[in-house]
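Worksheet for the structure shown next.
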Amino acid sequence: VQLQACGGGLVQAGGSLRLSCTAFRIIFTRYTMSWYRQAPGKSRELVAQISSSGNTNYAGSVKGRFTISRDNTKDTVYLQMNNLKAEDTSVYYCYAQGIGAGNYWGQGTLVTVSS
């Protein structure tokens, strides 16, 4: 099983980025997909989550700015991040939580927002 995340980078405050995470060797529709982030010296926190049926959940700090979506035909989950703030600077991780299956982390992708 592999979760391959990409799309991080350096952006100015107020800018946008889109992260993507493609899953390999899982039955994608059996998984709730999430994005977490971890800033230096802080614990990992949930950013957004999308169920296999498309129900979404967001951390309060990103609600209205970030949008999680999934394309089950491409086994990919996305995180559209708009109006980025310096405090969004973190390593972002995708996470697959299985229904009657295992749970998996992707490698992180670094998002740096300059103020």
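Per residue, how much accessible area does the chain have with a 1.4 Å probe, in Å²?
Working: 5870 Å² over 115 residues.
Counting only protein heavy atoms, the per-residue value for the chain is 51 Å².
What's the carbon and sulfur percent of segment 1-105's accessible surface, probe 1.4 angstrom, rounded to a whole number? Walk me through the numbers before you get to the answer.
Numbers: 2420 of 5380 Å².
Carbon and sulfur together cover 45 percent of it.
Of all beta bridges DSSP finds with both residues in the chain, what is the antiparallel percent, to the nearest 5?
On the way: 39 of 43 bridges.
Here the share of antiparallel DSSP bridges comes out near 90 percent.
Could you run the Debye sum over the Cα atoms of segment 54-115, one equal point scatterer each and no solvent, and tell me log10 of I(q)/I(0) at q = 0.16, 0.22 Å⁻¹, two decimals?
For the requested q values the scattering log ratios are -0.64, -1.11.
Is segment 1-40 best put as rounded, prolate or oblate by its Cα gyration tensor, with a ≥ b ≥ c the root eigenvalues, rounded for a/c under 1.5, and otherwise prolate when a/b is larger than b/c, oblate when not? Walk me through the numbers before you get to the answer.
Numbers: a/c = 2.59, a/b = 2.32, b/c = 1.12.
Judged from the Cα gyration tensor, segment 1-40 comes out prolate (a/c at least 1.5, a/b above b/c).
The values are calculated or read from the model by the stated rules, or taken from the named source; none is laboratory data. Being a predicted model, the structure only gives us computed values, none of them experimental. Just the protein is used for accessible areas: all its heavy atoms, side chains included, with ligands, DNA and RNA removed. Shrake-Rupley method; radii C 1.70, N 1.55, O 1.52, S 1.80 Å.
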